[in-house]
Every structure is written in C-alpha cells, then in structure tokens.
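Peer 1: Could you have a look at this structure, given as structure tokens, before my questions?
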Amino acid sequence: MSVGRLLVAATWIATLAFAGCGGGPIEVDGGLIEGAPDPGDPTIVAYKGIPFAAPPVGDLRWKPPQSVVPWEGVRSTANYGSVCPQLPYAEDSFWGRLKQWPSSEMSEDCLNLNVWAPAELPAEQLPVMMWIHGGGLTRGSGARANYDGAALVRRGVVLVTINYRLAAFGFLAHPELTAESEHGSSGNYGILDQIAALEWVQRNIAAFGGDPENVTIFGESAGSSSVSYLMATPLAEGLFHRAIGQSGGAFRPMPRLDEEFRGRPAPEAAGVAFASELVGGEDVSLAAMRAASAQDLLDAYSRLGGRAYGIGGGKVDGWVFPEDVYTTFSEGRQHDVPVLLGSNADEGPPLYQRWVPKDSAAYDEFVKSTYGDFADEFLELWPNGDAEVIWNSYLKSRGQGSFAWTMTTWARLMETVSSKAWLYHFTHVPPIPDAEVYGAYHAGEIVYAFDNLRFGSFTEVRETDERLADLMSSYWVNFARTGDPNGEGLPAWQAYEWGDEAYMELAAEPKAGKHLLAAEIDFFDRFNADRGGDR
C-alpha cells in the first residue's frame, strides 16, 4: 500500500472514531430513504436512485424540473434508478467495446441521483463532490461503475453522481415551448436538471455528513462542458464553490433560439423539423409531441442523424444563458470559484478515427477546406505523409484543437476574476486493449481521478497505474477540500497565470511544465481569432 493510501486509511479511521451515530433512515426531499453498505467497505453507505425532481413525463416533458413527488414509508435506495432515454453505442465502437456505459432500465422517470457517504456521520461536515457525466449530452448516466464513489469517500468527501435529460428530451427548442414558458425559454432542460440537482444538494446533503457550503462540481467531456455552463448561468449562483473540468468546455459560439447558426437553422427551427419527424405533418401541437412515447423520440432522433444538429448543447435564451459562455467569462461575469482543468494527450482516436482522411490527397483537401489561408501553417505542425503520419496528424490536430485549446482558453479566462486556475495534461497510457492505438485517450483519466482502476476495462493493473490513481485522487480531493490541489507528499502544482502558463503533466512520473503545446495553442488562437471571434 502506498504512503498516500496509508495516510488516507489513518485519516478515515480517525474520522470514524470521533463520529456521531448516523445509522437508520435519512430524511430527504420527498420522504425517508435507506441505503445499503458498500459491498467492499461497510464503513461506507451508498444511496442510489434518489429522486431529486418529479418525473418529467406527460405535461412535464420539456418543462423545467418540478418538485419531488413525496412517497410513503422508507424508500430503499439499494439499487440504481432508471437512466435517461438514450440511443446505445454500437457494440463495435470504442465505447461499446469498453462496456462502461449503463445497463440500467431506461425511463423518462430518470431524474435521480446517487450519494456515497460515511456509514457514521462525521464529527465535521465533509466536502461534497458532485459528478456530471459525459456522453455528448446524448448518452450516459450517473450509474456507471467508473463513477462508484467509495474510494473518494474514503479520502474524506461525500460523493454525488446525477442524471439529467439528454438529447431531444433535454435540449429541444421549439417556438411553442418558448411561447408557453414564463421565461420565454426552451432547449436548456438538461442544464436546468443539473441546477435542480445542485439545489437538492444544498437542501439535503448535510443529512449525509456533507457540507453544503463546500460543494465541488466536476465532470468529463460533456460533463466538463456542463461545468462551464454552470459557471456561466446566473441560475447556479451560490450552489457550488469549486469546479473541475476534464476535457470539455463550452467556449465556442452558442446559438440563439430564433437565429440561424453557422449557416444552419435556428434551434427553434430545428425543433420544428424534429416535431414533424416525430409526429408527422407540418402543424404539430405540443400535446401531440408530449403524447409520443420515449421510444418514438429516440427513433425520430436516430432517423434525423446528423440533421439533428440543432438539438444539443446550451442555447442563449435570455434566462438560463443571457449571453454565450465565452462572453460571460471574458467579461468576468462567471461564478468566481477556483477551477482545476485539463485535457488528455490523445483525445482524438476514440472520437474522430472514423473521419481520418484515406490518403494524402484527401488530407490535403481536409486541410485546405478547413483552414484556408492557415493551411500552410497547419501543415508545419501536423504534416501530410503516409498513412501513419496522416493518422497521427489528423487525430492530434482534432484532439488539440477541440480540447487542449479549449481547456487552456478556460484557464486563461479565469484571469478576469480573482479565483485561481490549475491546468493539467494527462499523458499516461491506460492498459486497455489496443493501448498502442488509443494512447492517453478521451475519458482515460476518469478511473484514475476516482481511484477506481478495477472498473477500467484494463488488461492488467500495474504499479504505475496505482501510483497515478493515488496521486490524482489526492489532488482532486485536496482541491475539493481547500480549492488548491497541493498537499503533503505530492509534487508541487503551480497555479496557472498568464506569462509562465504553468501546468502539471499527470503521468506515472508526474512533472511540472510551462506553456503547454505552445505552438499548437498559438495556432488555434490565431486561427479562431481570424474567423471573426468564431471560436
């Protein structure tokens, strides 16, 4: 056992020694619940499938989340609740082969969350960490094995994972939905669900030993973008106190409800097209849309395929988002909380490998059509060549442009407020099948941050993996506790500032660095600025 884990164990035993009795049912919004001891550690109790809002069905479909429906007696929370409706990943896809996605029953009655907490109430309230899952805002849930909270609870936090409405259920805009809203808003229901979960945490988490005045939100990919959304929306003010973003941020232009966006229909127009596909005909009522089954919605979304582009992501609606996220941050109007941010060295292969140009001519065409006057500069950084060179150049450029640039931009924009930012770059290659192809892949850092290597779909767990999981989970919990990842026995991590632009490379042998991917980030800065602010 590492020194870090020995210290964690000693701290945990000491916490329990001074704890008060926390046994028996817990009262939360809606009634009494009873959890179940963690199978591997009876000092931890998991409470799964706790409703934090009313089922968004019938007339509540495409409306902001409503209050929990009370129940009688003591509700068992030994098992996960339903996951929100979603299309499956193809079994032969990267994500399908890892088999890390939820297998729970799907239902629109999915606004539930999970809490891992000490079996005995601690003497002092613990920091709270609320995880927001990724999946492109179209897939995923808080019920993935990767997100099991027991290991982080042993380090001294209360851990919460949540569900939120996805795809057409969570992000559909429509002129009639906008008209019926008292706020003149539609299309941001999934974000409103996340806010409702945070409000539930504020009202209820003390009963689990958590501190509502010390809440950290964290997430990966679309979950990380959601963290940036929550930092920008005025509706989340005071609901959290620190934020961790892993490979995702909403810093590109956001569409407005009734305006065309990048040559594509306005979100409300896309919603009208979706409604026509869902019910048939051009004059479709909200009643008919709400009468359609969940499977009908999934089928319609699947049939539209790429033409469903208007259904996803946050929208400037004047209420949830008065302006786009980039503007909020650049003007210093985001919630002023410390952030820990980063990306992975090989984000590209799982996400973009299907689009790798097939030969040199196709790669040239991609570069010229995408980067125009910047094509020659692009090729200096990501050159053309044989199949292997094209593979590496294309996937590196896509990953660095989508994630390394985004997370660096986020860190830079924190200069507009007083709170600090810490930047990381994850370069460790997890031991999954075809590791030499996927490298430090998108989402590969999650099981290390959670110290959940047993859920990593690994071919083996090496000492280097255990050492990095110990390090990262320590950094994450330290940050949740104090707003600073540094702690005794850990490599010193310098906060990010303009000028030296410090970051921490997270690897088997971690090391501090400065000016992450300087030439590549500079290229995307200039390219995006040249597009007239079209980030």
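Peer 1: Are there any pairs, at least 6 apart or on different chains, whose C-beta atoms fall under 7 Å, with the first in segment 361-381 and over 19 Å from LEU395 (Cβ atoms) and the second among the basic types (Lys, Arg), and if so, which?
Peer 2: From segment 361-381, no pairs qualify.
Peer 1: Among the residues of segment 308-315, are any at pLDDT 95 or above and over 25 Å from TYR496 (Cβ atoms)?
Peer 2: yes
Peer 1: Moving on. If the requirement is being assigned to a helix (DSSP H, G or I) and surrounded by 22 or more Cβ atoms within 10 Å (Cβ to Cβ), which of these qualifies: TRP410, TRP422?
Peer 2: Answer to the selection: TRP410.
Peer 1: Does segment 431-442 contain at least one residue that is within 23 Å of VAL477 (Cα to Cα), buried (at least 16 other Cβ atoms within 10 Å of the Cβ), out of contact with any helix residue (DSSP H, G or I) (no Cβ under 8 Å at 6 or more places or on another chain) and modelled with pLDDT of 95 or more?
Peer 2: yes
Peer 1: Can you find a residue that is crowded, with 24+ Cβ neighbours inside 10 Å, in contact with a strand residue (DSSP E or B) (Cβ under 7 Å, 6 or more places away or on another chain), at pLDDT 95 or above and more than 30 Å from ALA273 (Cα to Cα) anywhere in segment 190-197?
Peer 2: yes
Peer 1: Also: Could you tell me which numbered condition ALA273 fails, if it satisfies all but one of (1) part of a loop (DSSP other than H, G, I, E, B); (2) touching a Lys or Arg at 6+ places or on another chain (Cβ under 8 Å)?
Peer 2: With (1) part of a loop (DSSP other than H, G, I, E, B); (2) touching a Lys or Arg at 6+ places or on another chain (Cβ under 8 Å) applied to ALA273, the lone miss is (1).
Peer 1: Limited to segment 333-361, what total is found for residues that are touching a Leu at 6+ places or on another chain (Cβ under 9 Å) and part of a loop (DSSP other than H, G, I, E, B)?
Peer 2: 4
Peer 1: Determine whether segment 153-160 contains at least one residue that is buried (at least 24 other Cβ atoms within 10 Å of the Cβ), out of contact with any Lys or Arg (no Cβ under 7 Å at 6 or more places or on another chain) and assigned to a loop (DSSP other than H, G, I, E, B).
Peer 2: yes
Peer 1: Within segment 312-330, is even one residue among the acidic types (Asp, Glu), closer than 21 Å to LEU137 by Cβ, assigned to a loop (DSSP other than H, G, I, E, B) and under 19 Å from the mean Cα position of the chain (by Cα)?
Peer 2: Scanning segment 312-330, I find at least one residue that is among the acidic types (Asp, Glu), closer than 21 Å to LEU137 by Cβ, assigned to a loop (DSSP other than H, G, I, E, B) and under 19 Å from the mean Cα position of the chain (by Cα), so the answer is yes.
Peer 1: Identify, please: which residue in segment 106-148 is outside any strand (DSSP E or B) and among the aliphatic types (A, V, I, L, M) and is, among those, nearest to SER247 (Cα to Cα)?
Peer 2: That would be LEU137.
Peer 1: Additional query: Can you name every residue in segment 431-483 that is at negative phi, under 20 Å from the mean Cα position of the chain (by Cα) and part of a loop (DSSP other than H, G, I, E, B)?
Peer 2: Within segment 431-483, ALA440, HIS442, GLY444, GLU445, PHE450, ASN452, GLY456 meet the criteria.
Peer 1: Is it fair to say PRO70 is touching a strand residue (DSSP E or B) at 6+ places or on another chain (Cβ under 6 Å) and either under 20 Å from TYR301 (Cβ atoms) or surrounded by fewer than 17 Cβ atoms within 10 Å (Cβ to Cβ) (or both)?
Peer 2: For PRO70, the condition - touching a strand residue (DSSP E or B) at 6+ places or on another chain (Cβ under 6 Å) and either under 20 Å from TYR301 (Cβ atoms) or surrounded by fewer than 17 Cβ atoms within 10 Å (Cβ to Cβ) (or both) - is met.
Peer 1: Which residue pairs have Cβ atoms closer than 8 Å, lie 6 or more positions apart in sequence or on different chains, and pair a first residue in segment 300-317 that is touching a residue at least 24 places away in the same chain (Cβ under 8 Å) and of a type outside the set (Asp, Glu) with a second residue that is surrounded by fewer than 16 Cβ atoms within 10 Å (Cβ to Cβ) and not in a helix (DSSP H, G or I)?
Peer 2: TYR301/LEU87; SER302/LEU87; TYR309/ARG264; GLY310/ARG264; VAL316/PRO322; VAL316/GLU323
Peer 1: Conditions: (1) small (Gly, Ala, Ser); (2) touching a residue at least 24 places away in the same chain (Cβ under 8 Å); (3) touching a Phe, Trp or Tyr at 6+ places or on another chain (Cβ under 6 Å). ALA480 meets all but one. Number of the miss?
Peer 2: For ALA480, the failing item is (3).
Peer 1: Which number in (1) of a type outside the set (Val, Ile, Thr); (2) loosely packed, with under 14 Cβ neighbours inside 10 Å; (3) in contact with a strand residue (DSSP E or B) (Cβ under 9 Å, 6 or more places away or on another chain) marks the one condition that ASP346 misses?
Peer 2: Going through (1) of a type outside the set (Val, Ile, Thr); (2) loosely packed, with under 14 Cβ neighbours inside 10 Å; (3) in contact with a strand residue (DSSP E or B) (Cβ under 9 Å, 6 or more places away or on another chain) one by one, ASP346 breaks only (2).
The values are calculated or read from the model by the stated rules, or taken from the named source; none is laboratory data. From a predicted model like this one, the values you see are computed outputs, not experimental measurements. Using ideal geometry, Cβ is built from the backbone for each residue, glycine included, and neighbour counts are taken over all protein chains shown.
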